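Please read the structure below before turning to the comments.
The values are calculated or read from the model by the stated rules, or taken from the named source; none is laboratory data. Everything quoted here is computed from the prediction, not taken from an experiment. Cβ: placed from backbone, ideal geometry, glycine included. Neighbour counts: every protein chain shown.
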Amino acid sequence: MKSFFKSFFAALLAIFVFCILGFFILIGLVAGLSSTEKPTIGEDGVLVLDLNNAFKEQAVENPFAFLNKSEEVDVPSLYNVQRLLKHAKNDINIKGVYMLCANNPNGYGASEELRRAILDFKTSGKFVIAFGETITQKGYYLGAAADKVYCHPQGGLDWSGYSTSMLYLKGMLDKLEIQPQIFYAGKFKSATEPLRETQMTEANRLQTGIWLGDLYNHFLKAVADTRKMDTANLRALAVNGTIQTAHDALKNHLVDGLFYDDQLKAEINQRLKAQKNAKINFVSLGDYEKASDYQQSGEGRIALVYADGDIVGGKGDNESVGSDEFRTLLRKLRLDDDVKAIVFRVNSPGGSSLASDIIWREISLTRKSKPVIVSMGDMAASGGYYIACNADSVFANEGTLTGSIGVFSILPNFQPFFKNKLGITFDGVKTAPFADMGNTNRALTEVEKRFLQNSVDSIYHTFKTRVAEGRKKDMAYVDSIAQGRVWTGSRAISVGLVDKIGGLQEAILCAASMSKLSSYKLREYPEKKNILEQVMENYKKSVSSSLLKAEIGEKEYQLLQQVKQVRQMVGVPQSRLPFIMNPQ
C-alpha cells in the first residue's frame, strides 16, 4: 500500500509540474505571438496582394493559425487591405504591387471594393502586375485591373460565364416520408424551395437570371474598361467557348504573356530597374500592416460596427450577429457622447426575423441622436436588409445582393418517417388543444397551419412597414419591390432600396460629413477579445472545420453547413436568402 501511495503522489506531482510548465510555456508563446515589434520593410518593396485569401470584414486574430497549414497567418481585414493600398500609394519604400490572382474566394461586393482600391493605387504611377498559374473568373475580375496580367504557359484562364445552382431535397424528403410543412410570404421568396420543389420555380428562375446577369455584365464591363476591349466581343468568347488554353487567352488579349516563375520575377526586376536575378523584396500584407501607421487620427470619433454573418437570437459568436450583443452594443454607442456617428457595415444573408427586429429598433433609436450610415458588403438581404433599411443613408456596391424582403417558417413533421421507416410511434397527454403545437412528431392541424401562416403574414407586413418608414415609400410600392425578390446594388438604387453606390470608405466619409467632423478616428466594434480568449475559441473552431473539409471535401462541407442551417431554422420565422448564393 505504501508503494502504491508513493507512486500515486509522484505521478500527481509530475502532472502538476507539467501543467504549471505548460501554462508558462503557453503564456510565453502567446506573448511572443502578440509582440508589437514592427517589422522592417526596406527599400524597393513590392507589396504582395494574395487573392487566394478571404479578407474578412473584421479580422479575427488566430495566433495559432501557423499550426494549421491551410490557414494564413496575419491576414488583414477587407477594409484594412484597402487602407494599406492607399497608404502604399504614397510610400516611397513600396514600388509596386504583385497580385496573385489565381483564385478569389471573396464575394462580389468585397471584390468590387478591392478593385477600386487597386485602381486608386495605380494612379500613383507605380506598377501592378497580376499572375496566376490558372486564373478563375473571380480572380481575373481583380487581376484585370493590373497593368499586366500573366499566367503559366501550361495553365489557363476560365472564361466560361457565370452560373449558380441550388440543391433540392424534396425528392429525398418524399422518399423518407418527411413533411417539411412550410409557410412563406413573397412569391420570390426562394429560401424554402429546396424543401418544397424539385427544381426552380419560374419566379425564382426569373429573379436569379436577372441578378446573375447583372453580376456578369458588371464583370464584363470592368474587364472591358481596363483591358480596352469591347463587352460584346468578351461575351462572344464565353458563348463560343473560345478560351480553352493559356494560349487562347493570350491570342485573345485576355493576358499579356505566358510566364514561368523565373520569367515573372525577371519582369518585376525590370520594373524595379534591378538585375534580372536579383532578390526581390516582397512584402506581405500582414508585415506591411504591422509596419505602417495607416489609420486615421483626429478629434472626433466614428464607430464602425460590423454586422457580419447570420442574424440569430441571443449572444451569437464571431460568425453571427446576435441580437442581445448588438442591442447592448448599439445602446452603449448611442449613449456615448464621444461617438459622433455610426457606420453600420452589414454583410448578412439574414436570419431570425425577431432578432432582426430587435436590432432594427436600436438603429431607429440611435439615429435620433446621431447619424447612422449603412454600408452593405457582399450581401445585406432579408434580415440583413431589415436591420439596414432605417439608416440615414445606405451605401451598396453594384454587386451587393440585397432586398429579399420576405418571411418564411418551417416546421417538419417526422411522424410518417418514424412510424413507417423505423417503427417508432408517439403518444401523450395535453391540457389544451394546442399545448403540443410545434412538436415535430405529428402533423399540424388545419387550424394550426392557419396560425403559422398568419404569423408569417404578420411579420411580413411588419417588415414592409419598416421598409416603408425607413425608405419613405408608399406601402403599395414597397410590396411591389418586396415579395422576397433579390436585387443587385445597381438595381436596388433604381428602385429606392439604397441611396448610393459605394463601399465602406465612402460610407465613412458620409458619416464624417453628416456629423461635421473635419478629422476623426475610427473605433471598430464588436471589440476584439483578449488573446487567450481567441486562442480558446478560434483554434478549436479552425481545427475542427479544417479536419472536416479535409475529410469530406469543400463542397460536401458546404452541404453540411446547409443542413445545419435548416436545423437552426426549424420553428423560428426567418428572413433570409436561399442556402446557396455563390455564383461561379
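Quick rundown of the values:
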| quantity | calculated |
| --- | --- |
| Residue within region 459-475 that is within 26 Å of residue 193 (Cα to Cα), surrounded by fewer than 24 Cβ atoms within 10 Å (Cβ to Cβ) and free of Cβ contacts under 8 Å to residues at least 24 places away in the same chain present | yes |
| Residue satisfying condition, being part of a helix (DSSP H, G or I), in the same structural domain as residue 490 (by TED's automatic domain parsing) and aliphatic (A, V, I, L, M), within set 424, 405, 363, 373 | 363 |
| Region 517-529, residues that are over 19 Å from residue 57 (Cα atoms) and not in a strand (DSSP E or B) | 517, 518, 519 |
| Those residues of region 206-224 which are buried (at least 18 other Cβ atoms within 10 Å of the Cβ), touching a Leu at 6+ places or on another chain (Cβ under 7 Å) and more than 15 Å from residue 486 (Cβ to Cβ), in sequence order | 220, 223 |
| Any hit, region 199-218, residues being in contact (Cβ under 8 Å) with a residue 12 or more places away in the chain, of a type in the set (Gly, Ala, Ser) and either in the same structural domain as residue 381 (by TED's automatic domain parsing) or within 18 Å of residue 452 (Cβ to Cβ) (or both) | no |
| Whichever residue in region 136-164 is outside any loop (DSSP other than H, G, I, E, B) and charged (D, E, K, R) and, among such residues, is surrounded by the most Cβ atoms within 10 Å (Cβ to Cβ) | 138 |
| Count of region 494-516 residues which are buried (at least 18 other Cβ atoms within 10 Å of the Cβ) and either assigned to a strand (DSSP E or B) or more than 21 Å from the chain's Cα centre (by Cα) (or both) | 5 |
| Evaluation of residue 326 against (1) part of a helix (DSSP H, G or I); (2) more than 13 Å from residue 525 (Cα to Cα); (3) aromatic (Phe, Trp, Tyr) (one fails), failing number | (2) |
| Residue tally, condition under 18 Å from residue 150 (Cα atoms) and surrounded by fewer than 24 Cβ atoms within 10 Å (Cβ to Cβ), over region 101-118 | 4 |
| Residue identified as surrounded by 13 or more Cβ atoms within 10 Å (Cβ to Cβ), of a type in the set (S, T, N, Q) and in contact (Cβ under 8 Å) with a residue 12 or more places away in the chain among 269, 252 | 252 |
| Filter result for the condition that a residue is at pLDDT below 95 and acidic (Asp, Glu), over 287, 324, 308 | 287 |
